[in-house]
Amino acid sequence: MEVQKHSQQVKTFIPPEIEACVMEKALLIRLVEEALLNMYARGEIQGTIHTCIGQELTGVIVSEFLSEHDAVFSNHRCHGHFLALTDNVEGLIAEIAGKITGVCGGRGGSQHLCQGEFYSNGVQGGIAPVAAGIAWAKKTQKSHNISVVYLGDGTLGEGVVYETFNLAALLELPLLFVLENNQYAQSTHQSETLSGEICKRAESFGIRTATGSTWNWYDLYLTTEALVHDIRCESKPALLQVNTYRLMPHSKGDDNRCINEIESYRLIDPLNIYLNSVEKDNFQPIIDNIAQRVHAAVELANAAAFSIISIKPLNNNAQTSTARSLTHFSNQRLSLAINQTLHHFMEQYPQMIFIGEDVKSPYGGAFKISQGLSSSFPLQVFNMPISEAAIVGLGCGLALCGYRPIVEIMFGDFITLAMDQILNHAAKFRFMYNEQVTVPLIIRTPMGGGRGYGPTHSQTLDRHILGIPGLSVIAINNLIDPRLIYSSLILDTEDPIIMIENKLLYTKLMRFTLQPGFYFEYTQETFPTILVLPKSQHIDVTIIGYGGLSDVLVDVVEALFYSHDIIGQFICPVQIYPYDISLHINQIKKSRFVFIVEEGQGFASFGSEIIAQLAAAIRDTVLIYKRIFPPNAPIPASKFCEDAMLPNANNIIQAILESMA
Amino acid sequence: MNTMFISKINANDDAVRIVEWLVADKSYIEIGASLVRVETSKVVVDIKAEFSGFVCQHYLPDDVVGIGEKLASFHESEVQCVANRASSPMVSSKSVENETYFSHAAKKYIVENEIDPAIFSDQGLLTLHAITQKIFPQKEKIVKDFVSNVPHQRIEKLSHRKKCEIKSLHDAKAHTLSSSLTVEFDSDPLRNELKKIRWLNGQVFPYILHVFSQLLKNHPKFTAFYADGFINYYDHIHLGIAVDIDKGLKVLVLPDANVLSLFELNMLLMESIGRYYDDTLEEKNVTGSTVTITDLSSHNIMYFHPLLNKKQSVILGIGGDSKQTGYPMSLTIVFDHQILSGKEIALFLNELKEKILDFKNVTNN
């Protein structure tokens, strides 16, 4: 019944030359994907390919109305969208074959393409806020360019899509959601996964919608033209629902659909109908040319070399110095120091955009870090809805467009809500797009207990964000001028960074002086490691810690000497991932005991990594290691229990004394 | 670029502490404007800029800077200033060596065993273990027992001024052989007599200072010091008055006290104490004394043993107890036995006592 309904629709008039052009593009896509399936069958392609055979006209028609510098973000089924926009057959086939001549040097493969302002990613839904960020950048630049994001009906189960609907409508972004409704989420029919109507979802956010289909593509063509024109002129989002059907399996052989259903759609496939309707003599040369071009591209790809991955080494600089060139904020609390640092740099860099929940004045953020920023820089500071995933994605999109966004996540515990954006988007783009883009995104968030906020607002979750290639993690402390940190962030960093702050440390004064007998040294790295060193050739213990514990551990080192007759040194990294402790091995080997202190859980954490690195690197000296971290339990709200659980100067010293007894 | 160095502010100090910069780093300053506030062992003074230009500071507040060290550089532009900072970063005095710091256990041990801390100079941090290793390498067990017996302690950082005072007293102690003698007398009759002089308001202290300084004219070895087999005589009798009221211990200097009348001396003393209260003491008000007097009689301390100051041969300690009949007072002289003998001090003390009690002497003033 459904198929009959589609086939009976009346055609709107489209000039023949346009029709030929559209069909030629669609045919190119189909022949490329058929060639890819053949390559896969011959073992020339590894992994996976998601073909859009049967759906080609969506990408072809949308691309007809895009201008230079419009951006497109596609999904796992992206070949058609890519070819429709770029016509780069050779780059696509080589990419999927994993060759160095691919558009991403073989790093991204089928699902992760990038050329110019075309991007794709294989994780469902997460691309929506990134595309929104790009749209925001276009709007801010007043360029009249738009951003397009391709979603499937299966993606409507992802919450981040609705967060993005909300943001796109609120910010009035020039963003076109193209919703390809092929009725299936992989192999599951939408009757099992989708409630309600597709367009009404977007309409409830105030987003204009339109519907079309690839079977009645004349109408779709005109509808798309009008919609894109309106988005470009009015700078408001819209959703285009394109009903279509995938004639091939989701991936390769994973198709459980009824063969009769597939064949019925094959009969009404617009490209098949067109090919059957045109005069062979006229169109055959075109078909032959396309086939020849695809064949040549396959041969080129097969002949090309496989990509080689070169890993950029860490900025290891073992040299240390007592010099610190900036010491603003003496006698100021860390929170105010960060706030003033942000004021300082936002004035200099208008491309810095500060977004987060409740960040505008007069509230100024839950911990007042952004106090006064929105008054001073009203075009750079924006309150956001409680949508952690979407606002991180928004920041990611801005960063792709050359902005320096700073996203505040109100509590570190909430960073889990944005993990897909961090892990599968921001951290991946530069690598998987073969260095064609950078993502200078800063995500700030306070972690740590000690304020009685209970199990879900007191955690130190750094271990969950360590070890993600492409992402650096900074743990700010009160032993180094925050201007130095932000200066490096803005001038020397092009990759996403999570900056962990600490709620208790916010209230501590900047600490640039030590008890007599101790002095600071700093490594000459982008984000220096701070060493609190004793004026002594003899050193009993090395303490390694960071972030919120830095202030406490300085107290510990000083008290160990003056009150307990033990000479200690303290190594305090600012960047905790990537991190290489081997720079400090000679210094650490001066002591016999090594204590690693953490506020987060101990299992598989920074401390584990440090001991693993030391164990691998030190072969000529026997060191005694001890880790100090909270017990294996959530953090209680009760102040008494929380105090007993978290590391503090007293229980750290006690643990050290017991270990050395 | 012009460079400014820390110059010597007084004879005693070989370093000063940066209290605060009076102009922001990398900002412009005119020659002669106040640049930085530093603390000597005696006072806090402002140092003026010797050049005009954009200042590149070389030290931080609370850093201790040696005399002759580079304090700041002056540049024609802020850009040059920043470039200079990049090539010549700020220096922290925390890296300055030649210091020794004792753990509480180590400090307790050297005090209880009367060990001269000077033997541990330039050692950096010293634990009890390190000390006993150095003195009694065979007695390792002492360390463990001693540390375990040390009760929990709270530590407090000494001020720069106090550290200077300690260093100065240690130096004095290291170079003198001190001994002391005391005489005493009832002061009530004297006090009654002094009350007749209205401007003196019954105060004994200025009167004793006056008599003491007059007497010193005949005893040059009392304003001298010993060094390397020689006696070094001062040309002047500059009284140093140790004062510790509400503003910390300071030694106020009354120059050439021997040529002043009692009235003039009292006026000078009042003016100096006023400056002490007002925090307007200048370097010249607190440096250059050749003999020191300290008075604890107002606290009803009858006897005490003051510490000799560096490069001085005597210190006069005045004690007293108003609660005893006759308001007895004591005069104690601590002296350097390398220059003076007990007999000389005994004769001087008795002569001083006699002159103090000679009421005609009062009337003559």
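Worth pointing out:
- Criterion: away from chain B (no Cβ under 14 Å) and modelled with pLDDT under 70 - qualifying residue of A:L314, A:L326, A:L300, A:L336: A:L314
- Flag for A:I585 being assigned to a strand (DSSP E or B) and either closer than 18 Å to A:T523 by Cβ or touching a residue at least 40 places away in the same chain (Cβ under 8 Å) (or both): no
- Residue within the range A:233-244 that is part of a helix (DSSP H, G or I) and either more than 30 Å from A:K138 (Cα to Cα) or at pLDDT 95 or above (or both) present: yes
- Test: B:S168 is closer than 30 Å to B:A224 by Cβ, part of a strand (DSSP E or B), modelled with pLDDT of 75 or more and more than 9 Å from chain A (Cβ to nearest Cβ): no
- The single residue among A:K200, A:K139 that is among the basic types (K, R), over 28 Å from A:I259 (Cβ atoms) and in contact with a Pro (Cβ under 8 Å, 6 or more places away or on another chain) turns out to be A:K139.
- Residue check for A:I490: surrounded by 19 or more Cβ atoms within 10 Å (Cβ to Cβ) and touching a strand residue (DSSP E or B) at 6+ places or on another chain (Cβ under 9 Å): no
- Test: residue in the range A:567-582 that is in a loop (DSSP other than H, G, I, E, B) and within 14 Å of chain B (Cβ to nearest Cβ): yes
- Each residue in the range B:268-300 was checked for being without any contact (Cβ under 8 Å) to a residue 40 or more places away in the chain, within 26 Å of B:P328 (Cα to Cα) and not hydroxyl-bearing (S, T, Y), and 5 pass.
- The test for being out of contact with any strand residue (DSSP E or B) (no Cβ under 6 Å at 6 or more places or on another chain) and either surrounded by 21 or more Cβ atoms within 10 Å (Cβ to Cβ) or closer than 25 Å to A:N302 by Cβ (or both) does not hold for A:H69.
- Test: residue in the range A:566-580 that is within 36 Å of the chain's Cα centre (by Cα) and among the hydroxyl-bearing types (S, T, Y): yes
- Scanning the range A:520-532 for residues that are at the interface with chain B (Cβ under 10 Å from one of its Cβ atoms) and in contact with an Asp or Glu (Cβ under 6 Å, 6 or more places away or on another chain) yields nothing.
- Within the range A:598-611, not a single residue is within 21 Å of B:S103 (Cβ to Cβ) and either within 14 Å of chain B (Cβ to nearest Cβ) or part of a helix (DSSP H, G or I) (or both).
- Taking the criterion of being within 14 Å of chain B (Cβ to nearest Cβ), crowded, with 24+ Cβ neighbours inside 10 Å and more than 16 Å from A:L514 (Cβ to Cβ), the only residue of the range A:542-565 that qualifies is A:D565.
- Residues of the range A:492-519 satisfying the condition of being free of Cβ contacts under 8 Å to residues at least 40 places away in the same chain and either within 13 Å of chain B (Cβ to nearest Cβ) or small (G, A, S) (or both): A:T513, A:P516
- Entry remark, the range A:583-597: residues being basic (K, R) and either closer than 21 Å to B:H104 by Cα or away from chain B (no Cβ under 14 Å) (or both) number 1 in total.
- Residue list for the range A:28-60, filter: acidic (D, E) and assigned to a helix (DSSP H, G or I): A:E33, A:E34, A:E56
- Listed here are the strands (runs of 3 or more DSSP E) enclosed by the range A:433-517 that have at least 2 residues being within 22 Å of the chain's Cα centre (by Cα) and under 21 Å from A:D580 (Cα atoms): A:472-475, A:497-502.
- Condition met for B:D295 (within 21 Å of the chain's Cα centre (by Cα) and within 26 Å of B:S180 (Cβ to Cβ)): yes
- Where strands (runs of 3 or more DSSP E) fall entirely within the range A:75-182, those with at least 2 residues that are without any contact (Cβ under 8 Å) to a residue 60 or more places away in the chain and surrounded by 20 or more Cβ atoms within 10 Å (Cβ to Cβ) are at A:118-120.
- Any hit, the range B:32-45, residues being within 14 Å of another protein chain (Cβ to nearest Cβ), farther than 20 Å from A:P516 by Cβ, crowded, with 18+ Cβ neighbours inside 10 Å and at pLDDT below 85: no
- Among the residues making up the range A:456-471, those that are touching a Gly at 6+ places or on another chain (Cβ under 9 Å) and touching a residue at least 60 places away in the same chain (Cβ under 8 Å) are A:S458, A:Q459, A:T460, A:L461, A:D462, A:R463.
The values are calculated or read from the model by the stated rules, or taken from the named source; none is laboratory data. Everything quoted here is computed from the prediction, not taken from an experiment. Using ideal geometry, Cβ is built from the backbone for each residue, glycine included, and neighbour counts are taken over all protein chains shown.
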